[in-house]
Every structure is written in C-alpha cells, then in structure tokens.
Amino acid sequence: MRLLADHAPIPLRNPLTAACAIHALSAAICFALMAAPAPALPTLLWPWCEGLCAAALGAAWKLPRWWLPINLLFFPAAFALMALNVPPVFWLAGFGALVLLNFASAAGRVPLFLSTTQAAAVLTTLLPQRAGCRVLDLGSGTGSLLSDLTRVRPDAVCTGIEVAPLPYLLGRLRARFNPMLRMQWGDFWQADLSQYDVVYAYLSPAPMARLWQKARAEMRPGSLLVSNDFCVPGVAPAETIPVGDRMRSTLYIWRM
Ligand SMILES: C[S@@+](CC[C@H](N)C(=O)[O-])C[C@H]1O[C@@H](n2cnc3c(N)ncnc32)[C@H](O)[C@@H]1O
C-alpha cells in the first residue's frame with residue numbers, strides 16, 4: 001500500500017482525494033458483503049464496518065495520523081445524522097459554505113485560519129520606515145491582517161491575494177473603506193513578488209518549499225519573506241520572532 005501511495009496518480013497523492021477513493025472502495029467492499037447470500041452483520045453495524053475498513057486502508061496508505069478518526073467515524077456519523085431527518089438542502093448549504101470558505105484546502109492543502117492581531121503588530125515592526133512601502137499577504141483570507149497593518153502604518157500599500165470566494169468578498173468589503181488596502185481574487189502562485197518590500201505568508205507546511213523557490217526567483221534583494229508558523233524546509237531563517245499570542249505563533253524571516 002505504501003509503495004502504491006508513492007506511485008499513485010498525482011490526484012491520489014493528495015490526502016483528501018485519497019480519502020475519498022478509500023471511502024468509495026470501503027463502501028464498495030461493504031455493499032459486496034451485504035449482497036452476500038447470508039450477510040454477516042445487522043444493518044446498524046455496516047457503517048462501522050465501512051469505517052473500520054476505511055481507517056485500515058487509510059493507515060495502510062500512510063495518510064497523516066489525524067485522518068484515522070475521521071475515516072473511522074465518517075460513515076457512522078453520517079448515518080446517525082440521517083436519523084435527524086434534516087432536509088438535505090441544509091447539508092448542501094453547509095457543504096457549499098465550507099467550499100466557499102476553504103476553496104484552497106483541497107488542492108493546495110492550505111485551510112483558512114487567521115493571523116492574530118499580535119502577529120500583525122510584530123509584522124508592523126518589520127516594515128521599512130519608508131512611506132509607500134509595499135506589503136503582500138499571500139492568501140489574505142478576510143484581509144484582517146492587512147487591515148491591522150494599515151491601522152498602524154496608514155502609509156503602507158497593502159495587497160492581499162485570496163482564492164477562496166467568501167473570505168475574498170469579506171476582504172473586498174474591508175477594502176472599500178480602506179484606501180491603502182487592495183484585495184485581488186486569484187492564485188498567488190501567479191503573482192509577481194518583485195513588486196513588494198515584504199511578502200507575508202501564513203499557509204501550511206505543504207507549499208513552503210515551492211514558495212521559497214518562487215521567492216528566491218522573484219523577490220528583490222533586501223526585501224523580506226515572512227512566514228507565520230511554517231518554516232522553509234532546510235533553509236534557516238535570518239530571524240525568528242516568537243509572537244507571544246494565544247496561538248504561540250512564531251514569525252520566520254528571510255532577507256533576500
Ligand atoms: C491560513 S489562511 C491565512 C489568512 C491571512 N493571510 C492571515 O494571516 O490572517 C491562508 C489563506 O490562503 C488562501 N490560499 C491558499 N492557497 C492559495 C492560493 N494559491 N492563492 C490564493 N490564496 C490561497 C486560503 O484560501 C486561506 O484563506
């Protein structure tokens with residue numbers, strides 16, 4: 001299984017798509033067993049059978065450990081919730097809201113969570129003193145970090161790029177009342193980093209190596225790459241600043 005996972009087609013190397021495939025396979029196995037002339041289990045236990053099967057397959061596929069309880073409980077929880085007789089449109093609406101909020105999670109493995117105001121305060125101290133300095137937030141969420149920055153440095157030009165529709169719209173709304181805030185909808189991998197004095201990222205471990213390559217290729221000498229919480233593998237930062245917030249955030253800083 002491990003060997004299979006390493007050589008699987010690229011979509012299946014993504015944990016989310018791998019988990020979907022694993023559940024489809026586990027459900028197929030359970031349906032096949034249910035169709036046997038003498039099904040071995042009472043109906044209520046079949047979701048648990050699927051869960052056990054998916055948890056075992058997920059472990060064999062070497063999905064990250066936190067997938068184990070998700071795989072085990074997904075079908076039993078879904079069946080239990082069906083008993084509540086909630087109209088399906090509510091589940092669809094919940095799913096839609098999740099997609100609109102976390103558009104980038106599936107492919108890019110970067111979910112939405114926001115920097116604290118303390119992280120924004122520390123970031124402010126790193127900005128060049130020059131008026132009109134340019135800051136880019138890669139994956140700017142609702143624009144809250146940049147909004148905090150412009151409160152302390154109203155002279156800084158702050159740009160955010162966000163791909164998830166709902167956070168982007170909230171950011172756009174903020175930008176309507178803040179002339180130094182520019183929100184763009186799109187994929188930050190397409191952005192030209194050479195325009196900025198400070199590039200800030202609060203992403204996940206997954207894109208950091210690729211981000212470093214991009215930063216090295218595009219950022220101007222003297223500009224700063226600042227990452228909240230996630231270090232570039234194998235590249236020591238020039239400076240590390242503990243933020244001292246409730247999230248125990250750390251800012252890693254590389255000078256280009
Ligand atoms: C952890 S949140 C950080 C939000 C904000 N920067 C902050 O610090 O409060 C990461 C954001 O990056 C967005 N994102 C991930 N990949 C992206 C991409 N390729 N292009 C644009 N946005 C992306 C996600 O949708 C998510 O809103």
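FYI, it's all coordinate maths here, none of it is from the lab. Not measured: the values here are computed from a predicted model. For neighbour counting, all protein chains shown are included, and Cβ atoms are generated from backbone atoms with ideal geometry for every residue, glycine included.
Give me the distance between the Cα centres of segment 194-208 and segment 79-152, rounded to whole Å.
14
Can you give the Kirkwood hydrodynamic radius of the chain from its Cα pairs, in Å with one decimal?
20.8
Note down the nm distance, to one decimal, between modelled labels 7 Å out along Cα→Cβ at Phe113 and at Glu218.
2.6
Which FRET efficiency value, to the nearest 0.05, do you get for Ala60 and Ala40 by plugging their Cβ-Cβ distance into 1/(1 + (r/R0)^6) with R0 = 22 Å?
It comes to 0.45.
What does the extension gain come out to for Phe79 and Arg151, with contour length at 0.36 nm per residue minus their alpha carbon separation?
On the way: separation 72, 0.36 × 72 = 25.92 nm, distance 4.85 nm.
Full extension of this stretch gives 21.1 nm more.
Sum up the charges of everything whose Cβ sits under 14 Å from the Cβ of Leu166, counting Lys and Arg as +1 and Asp and Glu as -1, but leave Leu166 out.
Around Leu166, the surrounding residues sum to +1.
Between Ala236 and Gln190, what is the FRET efficiency for a Förster distance of 35 Å, r being their Cβ-Cβ separation, to the nearest 0.05? Present the calculation step by step, with values, prior to reporting the outcome.
On the way: r = 29 Å, r/R0 = 0.81.
Taking R0 as 35 Å, the efficiency between Ala236 and Gln190 is 0.75.
Checking understanding here: applying a Kyte-Doolittle mean of at least -1.0 and a length along the axis of at least 18 Å (C-alpha), which whole DSSP H helices in the chain pass?
Span-like helices in the chain: 15-34, 46-60, 67-82, 88-101.
Calculate the spin-label point distance for Ala131 paired with Arg210, positioning each point 7 Å from the Cα along the beta-carbon direction, and give it in nanometres.
4.0
Evaluate the Kirkwood expression for the hydrodynamic radius of segment 174-214, namely the inverse of the mean inverse distance over all pairs of different C-alpha atoms, and round to one decimal in Å.
Here the Kirkwood hydrodynamic radius works out to 12.3 Å.
Between Arg176 and Ile29, what FRET efficiency follows from the Cβ-Cβ distance if R0 is 51 Å, with the result rounded to 0.05? Intermediate results must be reported in sequence, preceding the final value.
Values: r = 53 Å, r/R0 = 1.04.
Once rounded, the FRET efficiency stands at 0.45.
Taking K and R as +1 and D and E as -1, what net charge do the other residues with C-beta under 13 Å from the C-beta of Thr142 add up to?
Working: positive: Arg172, Arg174; negative: Asp137, Asp148, Glu162.
Charge balance near Thr142 sits at -1.
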